[in-house]
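Heads up, the thing below is written out as structure tokens.
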Amino acid sequence: MPRLRWFRVLAVAAAFAAGCSTGDRLFAQQPTLAQEYWVYFGTYTRGASKGIYAYRFRPSGASLTPHGLVAETSSPSFLAVHPNGRFLYAANESEPDNIPGKPNSVSAFAIDAATGKLQLLNKVSSRGQGPCHVSIDKTGKTLLVANYGSGSVAAIAIGADGRLGESTAFDQHQGKSVDPNRQTGPHAHFILPSPDNRFVLTADLGLDQVLVYRFDPRTGSLVPNKPAFGRLRPGSGPRHLAFNPNGKYAYVNGEMSSTISTFAYEPSKGTLTEIQTLSTLPQGFTGNNSTAEVQVDKAGRFLYVSNRGHNSIAQFSIDAHSGKLTAVAHVASGGRTPRFFTLDPTGGYLLAGNQDSSTVGVFNVDPSSGKPSLRQTLTDVPEPVSIVFVPVSGSR
């Protein structure tokens, strides 16, 4: 490498080091894919399920080996993995002693990457009712939680040992929207740090808004941005959000309206401007439907949304210049009520958790067209509603 280029590299590194302390630095992305992964399934424990289940997954050949129940815990409806891969966190959306007005919990587990087992570290209050979504900031120091039932969000400190500590921030949403049954108050449904970790975005189904907070990773504080939110069309019921890999666009699915909205995102200001809204359903469909999950592939070429009712994964292509979407296909999800799906770390497979049929559809994803095609169906994960991947120890 020429000497001048080396100086530029060193200057960038020095500037980064000067801008944040060791404890605040973002975890580096791991470019090397593992040969095997643990696949953890969060579930609802209202019936046969007892908590979190696991499979051992080998992308080469899509081999999936069941390992059964790996942690007994109450309705772990959403899971998140620490950036260091050593800890897993669960939103316990409902609990046996669920009492109106009493906050529910979030749980921390240590991952045994060799055996796949999970060891409970501790459980703390989510500071609200019905916690339905969790995520972790890029430094791994803060857990973010959205409480659907009470319409609030909270930040909780994560210790070096993975345990959850004190809450560092809390915000109770206020207001309502147009639907007299589901939007008489706030319902926070999703929370995620921005790609640069400077902002936190949360979708509130009850308000038809994506609220934006300025985030300080050193203290875990959440301060309302100016402007404080991006707005969706009345009655949309925003549920989840996915960023385009280029960081310039964000995509929000309307649970109630069965829509997907494209927003221009300004990273320096944390602002959202709607530029497009499309239906997630094929023309002519007249049954009941609600959307659930939205994801974008690593290359930013395709977007996927799950339809509950139509029981499908809707695929859209993404225009590289405008960020706008074009409908491509609808693929049956392999069961009933695909509450959650995810692309595997290689991007070659898609797993869809079908809540009401207690099945997981495993799909090949065509590398050229992006279209999923069902290859097998798992039938021993009761009420699957969340899926995460963790590399098996020593498989990199």
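Each value in this text was obtained by applying a stated rule to the coordinates, not by laboratory testing. Just so you know, these numbers come straight off a predicted model, no measurement behind them. Here the Cβ positions follow ideal geometry from the backbone for every residue, glycine too, while neighbour counts run over all protein chains shown.
General remarks:
- Residue count for the stretch 125-156, restricted to those that are polar (S, T, N, Q), part of a loop (DSSP other than H, G, I, E, B) and closer than 17 Å to R198 by Cα: 1
- Residue check: S177 meets all listed conditions (1) over 19 Å from P131 (Cα atoms); (2) without any contact (Cβ under 8 Å) to a residue 24 or more places away in the chain but one, namely (2).
- Screening the stretch 273-319 for residues that are within 17 Å of the chain's Cα centre (by Cα) and among the small types (G, A, S) and picking the one that is surrounded by the fewest Cβ atoms within 10 Å (Cβ to Cβ) gives G300.
- Selection within the stretch 113-124 - assigned to a loop (DSSP other than H, G, I, E, B) and in contact (Cβ under 8 Å) with a residue 24 or more places away in the chain: A113, A114, G116, K117
- Whichever residue in the stretch 344-396 is hydroxyl-bearing (S, T, Y) and under 18 Å from the mean Cα position of the chain (by Cα) and, among such residues, is nearest to T73 (Cα to Cα): S386
- A count restricted to the stretch 271-308 and to residues that are aromatic (F, W, Y) and part of a loop (DSSP other than H, G, I, E, B) stands at 1.
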